[in-house]
Structures are given as C-alpha cells and as structure tokens.
Amino acid sequence: MSTSKKDIRALTKEQLRNFFVSQGDKAFRGNQVYEWLWQKSAHSFEEMTNISKETRQMLEDHFVINHIRVDTMQRSSDGTIKNAVKLHDGLVVESVLIPTATRTTACVSSQVGCSLDCRFCATARLKRMRNLNPDEIYDQVVAIDNESRLYHNRPLSNIVFMGMGEPLMNYNNVLKAIDKITSDEGLGMSPKRIVVSTSGVPKMIKKIADDGVKFKLAVSLHSAIDEVRTSIMPFNETFPLADLREALEYWYAKTKNRITYEYVVWKGINDQRKDVDALVQFCKFAPSKVNLIEYNPIDDGEFQQADSRAIDMYQKILEANNITVTIRRSRGKDIDAACGQLANKS
Ligand code: SAH
C-alpha cells in the first residue's frame, strides 16, 4: 500500500543529490542511490549494500520505493508470457513478452484501463482508472527483460507500447519512461527499438514531431473511411481522418520516418475494394508500412476476421502501390495475451 512517504523514484538525479547535501552527506551518495534505483532496479533500500546502514534507515524514514510486483505470470505454449502486474495502490495492468526466433519484444501498458472506446478491444471495457507513472512503465520493461534472460537466454531486444491504454494520452510519463529505458543510467536500449502505438491523437502526433523523439510511431488505423472508422473507433468523431492525416504529414515532414499502420480486416466492415483504395489514398503522402493484424476475438462474435481472399486483396493492391505489407499472426492467444485481449481476466 502507498504511504504518505514520497516515492523516491519521482526524484531526478539532481534532486536526489541535493537531498543528500541537505542531510549533511555528500552529493555523490545521490549518484549511488540513483544507480541502485534505476540501473540495478532495487526493490528495497536494504539491497543497497554499498550504502551504510544508517543512511539506508534514513532513506527508509523519508521515502518508499513503489516497485511493481508481478502478481501472476502465465506462459503460453508458443513461448509468450503474460504478466499481471500489481501497482502500489492495488490496481493491476498487464504486459506481455513476445519471443520470435531472433528477438524478444515487450508489450507494455501505459494506463490502467483506457479512455478510448474501440469496439473490438477488450481493454476498452475497463474504464480508464489512471495514468501509469514513469517508474511503473519502466518496471514492466525490467520484469520482461528478466524473464527473457531466464526463459529465453537473451536480453529483451524491442519494446512496443501496445498494451493497455493510449500512450499519447499519457505522453509525459511515457516520454520520461523512454528516457530512462534508453539512458545509459537505465537500460541503455536504442530508441529505434521502441514503437509507440497510437489510435491517433493529432495534436500529440505534432507534439512528438516537434520534440524530435527517436522512437518509432505506429498508428492504429483500421479504416481510412471516416464513417467506417467512427463506427468501430467512436473517438474518430472527435479526431477525424483529415486531422490525423494532417498531423501525420507534419510528423513525416519533420522526422522523415516511415509511418506504420496497424490494420485489422473484418468481415463485412472493411473487406471491400473501396476500403483498400481509401487506405492507399490515405497512406500515399509518405513511405508507409501496413501491418495486417489478425483479429483476436474478444467475445460475442460481432467482429469476425475477414477471409483470406480479402487479406490477399489488401496485400496485392498495397504492394502494387509501393506500400510495404506484413501479415502478423497473433501470439499468446491461449492466455489472452494477444493484441486487444488485455483485460485483467485473471
Ligand atoms: N491505444 C494504442 C495502443 C494499444 S492497442 C493504440 O490504439 O494503438 C494495440 C493494438 O491492438 C492496436 O493496433 C489496436 O487497434 C489493436 N487491437 C485492439 N483490439 C484488438 C483485437 N481484438 N484484435 C486485434 N488487434 C486489436
């Protein structure tokens, strides 16, 4: 449970150094503790063995370390692992380890629940409770990295923000977490191995372009026709495709980075020629890649994966228009760990 003591990881390195000076100690002590907190991901002050007992007690009196706790871990027959992660206030989010032959990807959450209302997504049924703090995002990555080393004998290689929540609606904390993940004082990972996936918040897409971020952007499009998109992603009413497109043009002009679109093809919703044509029109202003994701049914059968002819049609037409296409099979379905299935079921 949380206490009235301050979470020590909310402090910057400078603040931590200043704290030690204010206690009559050396600023350098702040560096040591900072290293324990981030690089070594200590769960308690007790672990900080190069700090004196008295100092550790003093830290204990002032601060807490609100580390996440992996509450349950489920392993799929295909090697996928899903963590249900308990936060200091008892709330739970999920993160997933996805292994392939050459890499291990962590799929992490950015919010508890989600405020968007995508009709095909299980997380949308949990209302948004709160944003995750930077350290709660960081801890999910560390937990997956440890599991990757333990079960797959290699470190984590990639991160996708495709778990619960809309990362661009918790942008400041996501950015702080990424800063730590990519810093040599944290995990030292390359930002090029991080993908932030968004439903498309135009104002925030422009902001990240202005901020000169180095991570990659993926946009969950699912339809390039307003009427269709609004029917499956109602917030499209507020952020229509023209605004999204304008923001993406801005992003491309600033970053010159290819844009990736996430796209599920559903029977009777977006499986016709006109849907593909609209997608081609939408994408063509910049080099693009479309990930055709397999649909993971979340219940009543209102949505059904389109048949393979429709997928083939998408692939042919997109490729004929120089748009890169990948067809992504789902992983971890037997443990409800696939895209859109994260709903704290366990
Ligand atoms: N809010 C962010 C990140 C979370 S969703 C976003 O929208 O991008 C991660 C991806 O899973 C998105 O592309 C989303 O559209 C997709 N998704 C959601 N539910 C799904 C389902 N049932 N089957 C397949 N993909 C789904």
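General remarks:
- Yes/no for residue 280 being farther than 25 Å from residue 210 by Cα and under 24 Å from the mean Cα position of the chain (by Cα): no
- When residues of region 227-269 are limited to those that are of a type in the set (A, V, I, L, M) and in a loop (DSSP other than H, G, I, E, B), the one nearest to the ligand (Cβ to nearest atom): 264
- The listed residues are 16, 59, and the only one of them that is out of contact with any Asp or Glu (no Cβ under 6 Å at 6 or more places or on another chain) and either touching a residue at least 24 places away in the same chain (Cβ under 8 Å) or not in a helix (DSSP H, G or I) (or both) turns out to be 59.
- The residues on offer are 232, 181, and the sole one that is among the aliphatic types (A, V, I, L, M) and more than 16 Å from the chain's Cα centre (by Cα) is 232.
- Just one residue in the set 55, 12 is out of contact with any Leu (no Cβ under 9 Å at 6 or more places or on another chain) and within 30 Å of residue 156 (Cα to Cα); that residue is 12.
- Any pair with Cβ under 7 angstrom, 6 or more apart, that starts in region 324-346 at a residue that is within 12 Å of the ligand (Cβ to nearest atom) and modelled with pLDDT under 80 and ends at one that is aromatic (Phe, Trp, Tyr) and not in a helix (DSSP H, G or I): 340/120
- Cβ-Cβ contacts under 6 Å between residues 6 or more apart (or on different chains), taken from a first residue in region 154-182 that is over 27 Å from residue 100 (Cβ atoms) to a second residue that is within 16 Å of the ligand (Cβ to nearest atom) and hydrophobic (A, V, I, L, M, F, W, C), are listed as 171/204.
Conditions (1) within 16 Å of the ligand (Cβ to nearest atom); (2) more than 23 Å from residue 218 (Cα to Cα); (3) in a loop (DSSP other than H, G, I, E, B); (4) outside the structural domain of residue 19 (by the TED database), marked per residue:
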site	(1), (2), (3), (4)
42	no, yes, yes, no
55	no, yes, no, no
94	yes, no, no, yes
105	yes, no, no, yes
116	yes, no, yes, yes
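- Residue in region 115-136 that is in contact with a Leu (Cβ under 8 Å, 6 or more places away or on another chain) and more than 25 Å from residue 233 (Cβ to Cβ) present: yes
- Restricting attention to region 19-32, the residues being in a helix (DSSP H, G or I) and over 24 Å from residue 172 (Cβ atoms) number 8.
The values are calculated or read from the model by the stated rules, or taken from the named source; none is laboratory data. None of these values were measured; they are calculated from a predicted model. Counting neighbours? That spans all protein chains shown, and the Cβs are built from the backbone with ideal geometry, glycine included.
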